[in-house]
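The values are calculated or read from the model by the stated rules, or taken from the named source; none is laboratory data. Only a predicted model underlies this, so the values are computations on that prediction, with no experimental measurement involved. Don't worry about glycine lacking a Cβ; one is built from the backbone with ideal geometry, like all the others, and counts go over all protein chains shown.
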Amino acid sequence: MANRFLRPNLIHRFSTVSPVGPPTTIIPEILSFDQPKPEVDLDLSDQARLFASVPISTLLRSTAILHATSIGPMVDLGSWLMSSKLMDTTVTRDLVLRIVKGTFYDHFCAGEDAAAAARRVSSVYESTGLKGMLVYGVEHAEDGGACDENIQKFIETVEAAKTLPSSHLSSVVVKITAICPMNVLKRVSDLLRWQYKNPNFKLPWKLNSFPVFSGLSPLYHTTSEPEPLTVEEERELEKAHERLKSVCLRCQESNVPLLIDAEDTILQPAIDYMAYWSAIMFNSVKDRPIVYNTIQAYLKDAGERLHLALRESEKMNVPIGFKLVRGAYMSSEAKLADSLGYKSPVHDTIQNTHDCYNDCMSFLESLKWIRHCGHSSYA
């Protein structure tokens, strides 16, 4: 994955809103974040060097765990076990949790709290030169009370990030699904889609943001005009903005970049809307962005949406940052689209996804500076 950001007023032109790549733009200057470059000469192709500090036993265990998680029945068995009556008995529950902690949990999670995860980020950087992203691994909150609890954990994560040298950490990650109730995100996404289809459709609660759709974006989720947000839904949306604002402020005060994670296309319009709103609020304060958004290159509209956001950021003189990934919801996206009689919003082949990712990456790499990082979570 890659994190990049652009200085506004240096993107001089876009030929069309089409898949990104060097031929369509004049390449802007890249900011340096005033962060020292790693002392380690990082070469991601030199796997022997990257993993030299990792014991063979750990590598073998990690390989076995990754293979296990790629087997559908194994995942189903684990899900059944964790929700079965065996977890109601102290002896079996303790046994299962010890096994899980020593295998899957230790592999995928950096620690049980923010401080432990921060220590893992530091150790990874010192041994490999890879920066880490620090994330509190919770999402899909159902009500405002859960959101209030979650935002405190995200703020604790920022506090833990402050203890690390800036050279060790890429960003703190926040999941909008953890700080805004799921039903509100779905409703906001529906209303944003309907407004894109019908530009005269008014959304009185809508704040300033960047475009979140392109001509290739899937709109089939919303087939008829949605009801306006209720008073309670508007109140919950406003509270979600305040939660996001609170963690952005803490990141700004601490000089810690904040990355907003992506979701499936049912929710992504609302997430992009909130991400770009916060970027406008906080990235215009300094000459470097605090807020980053995520672009999923396996989506057919990824390149267009990246261009649209960059072009709008230039118009508004707002620096903008991105994390580029391939994506994680291929099966569910395809099933939903098929059930509604539409083609999947995901590229038809893995090679098309690679091509889109590489085109976006080539465009970003041509901006001369890139940060490679890992992902460290705790729960």
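Overview of values
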| quantity | calculated |
| --- | --- |
| Given (1) modelled with pLDDT of 95 or more; (2) touching a strand residue (DSSP E or B) at 6+ places or on another chain (Cβ under 9 Å); (3) of a type in the set (A, V, I, L, M), index of the condition Leu185 fails | (2) |
| Qualifying positions in region 207-244 - under 20 Å from the mean Cα position of the chain (by Cα) and either assigned to a loop (DSSP other than H, G, I, E, B) or surrounded by fewer than 15 Cβ atoms within 10 Å (Cβ to Cβ) (or both) | Ser209, Phe210, Pro211, Val212, Phe213, Ser214, Ser217, Pro218, Glu242 |
| Subset of region 329-373 that is in a strand (DSSP E or B) and modelled with pLDDT under 90 - its residue that is farthest from His168 (Cα to Cα) | Arg371 |
| Qualifying residue in region 131-139 (condition: modelled with pLDDT under 90, among the hydrophobic types (A, V, I, L, M, F, W, C) and either assigned to a helix (DSSP H, G or I) or not assigned by TED's automatic domain parsing to the domain that holds Val212 (or both)) | no |
| Hits in region 222-250 - residues which are of a type outside the set (D, E, K, R) and under 24 Å from Val174 (Cβ atoms) | Leu229, Leu237, Ala240, His241, Leu244, Ser246, Val247, Cys248, Leu249 |
| Elements of type helices (runs of 4 or more DSSP H) in region 44-106, at least 1 residues being in contact with a Gly (Cβ under 9 Å, 6 or more places away or on another chain) | 47-50, 56-69, 90-100 |
| Criterion: in contact with a strand residue (DSSP E or B) (Cβ under 9 Å, 6 or more places away or on another chain) and in the same structural domain as Ser217 (by TED's automatic domain parsing) - qualifying residue of Met361, Met316 | Met361 |
| Residue within region 86-98 that is among the charged types (D, E, K, R), assigned by TED's automatic domain parsing to the domain that holds Val173 and either under 22 Å from Ile179 (Cα atoms) or over 21 Å from the mean Cα position of the chain (by Cα) (or both) present | no |
